[in-house]
């Protein structure tokens, strides 16, 4: 493989354009093509970013011999098959989160990755931010002592996806805010705990805003009042028990009448000797002058905060990624159990 990784992007929505922009700013990547099922938009994006090539069928793109890797940013119900097709074509794959609709699809992606001996990584942005990196360093140094509990939350006031879009339909998205906000905040939580194996979950989910067409930003409201499908959760809470005996409280929602607070997402980790909270990173522990709260700061390192740059480096240098496919599969199994528990109203084993 040459000095630069020859990359392409599949999907020209907001996430796809985000990956395209990151790749174009990555010094070790050469972005050569884009695939988008709308031919006109594909050509427009290719021309705007001077890519030279566009495809309306991603399968044609992955068959190109001069492409080494693809970043896939498709709706969840299309993503697994696109990843498997790309891996079978011997392309390295960077995936938008969540990895798939269900853990069975995630397992198939990993199987294809092993068979082709190509890297697959889910772009979990929160793991790469400097606050999470500092927290991980302190935890690994033993600053908190033995960890025993965490609380993860992501509570939005008015961010319900457009009613009738694929994100509000269970058959297309798999779930609502649990698979959107929940998976992302859970991933960084379990990453910092150093444990992805959950035993049981008890979840409760509801939809108080989306089915009524409420909680959407003005720009996302549909122009007509015709009935639209909304059969996913827009709020959920859960208690997760890990194999070690540690516990995690999860609380996520797309909309709610919360008091004004600039911290819509956060993470609290408790240890025997101290505690940590994100975002931003703060350390809590007893000190010589009483209980101390320390705001943690460190210089911003762009490459360390970007999963796209990290993915490119891992492929070129044959390194293991920070986000392993096995951890992503374990997270997907946990999400499956959370949705099953919410549907049944009972504690559910993670299988």
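Quick notes
- Residues of the range 59-87 that are in a loop (DSSP other than H, G, I, E, B) and either touching a helix residue (DSSP H, G or I) at 6+ places or on another chain (Cβ under 8 Å) or closer than 29 Å to residue 340 by Cα (or both): 67, 68, 73, 74, 75.
- The lone exception for residue 113 - which of (1) touching a helix residue (DSSP H, G or I) at 6+ places or on another chain (Cβ under 6 Å); (2) in a loop (DSSP other than H, G, I, E, B) it fails: (2)
- For the range 278-294, the candidate set comprises residues that are in a strand (DSSP E or B) and out of contact with any strand residue (DSSP E or B) (no Cβ under 8 Å at 6 or more places or on another chain); within that set, the residue that is surrounded by the most Cβ atoms within 10 Å (Cβ to Cβ) is 287.
- Residue match in the range 139-153 (condition: assigned to a helix (DSSP H, G or I) and surrounded by fewer than 21 Cβ atoms within 10 Å (Cβ to Cβ)): yes
- Verdict on residue 113 being farther than 22 Å from residue 17 by Cα, touching a residue at least 40 places away in the same chain (Cβ under 8 Å) and either under 16 Å from the mean Cα position of the chain (by Cα) or not assigned by TED's automatic domain parsing to the domain that holds residue 338 (or both): yes
- Condition check for residue 90: in contact with a helix residue (DSSP H, G or I) (Cβ under 9 Å, 6 or more places away or on another chain), on the phi > 0 side of the Ramachandran plot and either crowded, with 19+ Cβ neighbours inside 10 Å or at pLDDT 95 or above (or both): yes
- Count of residues meeting criterion [part of a helix (DSSP H, G or I) and either buried (at least 22 other Cβ atoms within 10 Å of the Cβ) or under 20 Å from the mean Cα position of the chain (by Cα) (or both)] in the range 316-339: 15
- Residues of the range 1-11 classified as at pLDDT below 95 and either more than 23 Å from residue 118 (Cβ to Cβ) or under 24 Å from the mean Cα position of the chain (by Cα) (or both), total: 0
The values are calculated or read from the model by the stated rules, or taken from the named source; none is laboratory data. From a predicted model like this one, the values you see are computed outputs, not experimental measurements. Here the Cβ is made from the backbone with ideal geometry for all residues, glycine too, and neighbour counts use every protein chain on show.
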